[in-house]
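Shown next, in structure tokens, is the structure this report addresses.
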């Protein structure tokens, strides 16, 4: 019985030792990749990209654009390096072994254009590493910008709207934005509007076509929890068909995700709007 217990303990010790060795080896591989990536950025030398990435790598950039394939990744890096010199620091937040062929790594980055010290990008990354013939490489990479002031995103959106720059307003929206007009509003018939194109066709174009003027006044922004901004304001508008004007109290609730507007909810005095639109 003692012999059986001794053998059992030996197995446990061997298992723990093997697991510890694998974990340390993977951590070392992650650190090696990060150091190689830092060297690539800081020297502006794209020669290490074959070692860093798999041939079928995909990268989601901080601006939301997507790259697929090593050749396209090389072109992006070369264009970046042609535009100046850069410095980057990385900090690993979490490493997790998915199986013997894949590993999850998350962390944070600070990316600086050396000749423009104010041009600093901060954010987080999530990488899926793949074991290729005993070498760990980046298979998928997702990069997310740090949102330091979500009020500024909403403020910029209102300023673009005031200038009639609707393309910039749409650009500030997530591709799958969920937009809801206040219940009882004539434009709520398409709720929820999904995506910028739906908002453009279902709301903006109709408002523009049906109003002689439509202005947003007395805008005040209030940063909330959960990446939300509450805007209190007034609509000052005139309806073309009826010639009636209205000045209505309004609230907009904006939700920001990854630097883009992911959701919008309008609250408004719908009676004033409907009275103005009714003959």
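Residues that are in contact (Cβ under 8 Å) with a residue 60 or more places away in the chain, under 20 Å from residue 178 (Cα atoms) and surrounded by fewer than 17 Cβ atoms within 10 Å (Cβ to Cβ): does region 239-251 have at least one? There is no residue in region 239-251 that is in contact (Cβ under 8 Å) with a residue 60 or more places away in the chain, under 20 Å from residue 178 (Cα atoms) and surrounded by fewer than 17 Cβ atoms within 10 Å (Cβ to Cβ).
Would you call residue 167 free of Cβ contacts under 8 Å to residues at least 40 places away in the same chain and more than 19 Å from residue 38 (Cβ to Cβ)? So that I can check it myself, show each step before the final result.
Working: free of Cβ contacts under 8 Å to residues at least 40 places away in the same chain: yes; more than 19 Å from residue 38 (Cβ to Cβ): yes.
Against the criterion (free of Cβ contacts under 8 Å to residues at least 40 places away in the same chain and more than 19 Å from residue 38 (Cβ to Cβ)), residue 167 qualifies.
Here residue 195 meets the list (1) surrounded by 14 or more Cβ atoms within 10 Å (Cβ to Cβ); (2) at negative phi almost entirely, failing just condition (2). Say whether the condition of being modelled with pLDDT of 95 or more and under 30 Å from residue 121 (Cβ atoms) is met by at least one residue in region 179-192. Scanning region 179-192 turns up at least one residue that is modelled with pLDDT of 95 or more and under 30 Å from residue 121 (Cβ atoms). Any residue at all in region 168-177 that's more than 20 Å from the chain's Cα centre (by Cα) and surrounded by fewer than 15 Cβ atoms within 10 Å (Cβ to Cβ)? Taking every residue of region 168-177 in turn, none turns out to be more than 20 Å from the chain's Cα centre (by Cα) and surrounded by fewer than 15 Cβ atoms within 10 Å (Cβ to Cβ). Residues in region 59-82 that are more than 20 Å from the chain's Cα centre (by Cα), over 19 Å from residue 129 (Cα atoms) and without any contact (Cβ under 8 Å) to a residue 12 or more places away in the chain: 75, 79, 80, 82.
Confirm whether residue 45 is modelled with pLDDT under 90, surrounded by 12 or more Cβ atoms within 10 Å (Cβ to Cβ) and out of contact with any strand residue (DSSP E or B) (no Cβ under 9 Å at 6 or more places or on another chain). Give the steps one after another, and end with the answer.
Details: modelled with pLDDT under 90: yes; surrounded by 12 or more Cβ atoms within 10 Å (Cβ to Cβ): yes; out of contact with any strand residue (DSSP E or B) (no Cβ under 9 Å at 6 or more places or on another chain): yes.
When the stated conditions are applied, residue 45 passes them.
Taking the criterion of being out of contact with any helix residue (DSSP H, G or I) (no Cβ under 8 Å at 6 or more places or on another chain) and farther than 21 Å from residue 191 by Cα, the only residue of region 250-265 that qualifies is 258. One residue stands out in region 178-196 among those that are touching a residue at least 40 places away in the same chain (Cβ under 8 Å) and not in a loop (DSSP other than H, G, I, E, B): the one that is nearest to the chain's Cα centre (by Cα), namely 178. Considering (1) under 20 Å from residue 131 (Cβ atoms); (2) modelled with pLDDT of 90 or more, the lone condition that residue 92 does not fulfil carries the number (2).
Test residue 156 against the criterion of being free of Cβ contacts under 8 Å to residues at least 40 places away in the same chain, assigned by TED's automatic domain parsing to the domain that holds residue 268 and either assigned to a helix (DSSP H, G or I) or surrounded by fewer than 17 Cβ atoms within 10 Å (Cβ to Cβ) (or both), and give yes or no.
Values: free of Cβ contacts under 8 Å to residues at least 40 places away in the same chain: yes; assigned by TED's automatic domain parsing to the domain that holds residue 268: yes; either assigned to a helix (DSSP H, G or I) or surrounded by fewer than 17 Cβ atoms within 10 Å (Cβ to Cβ) (or both): yes.
It is true that residue 156 is free of Cβ contacts under 8 Å to residues at least 40 places away in the same chain, assigned by TED's automatic domain parsing to the domain that holds residue 268 and either assigned to a helix (DSSP H, G or I) or surrounded by fewer than 17 Cβ atoms within 10 Å (Cβ to Cβ) (or both).
The values are calculated or read from the model by the stated rules, or taken from the named source; none is laboratory data. If you're wondering where the values come from, they're calculated on a predicted model, not measured in any experiment. For neighbour counting, all protein chains shown are included, and Cβ atoms are generated from backbone atoms with ideal geometry for every residue, glycine included.
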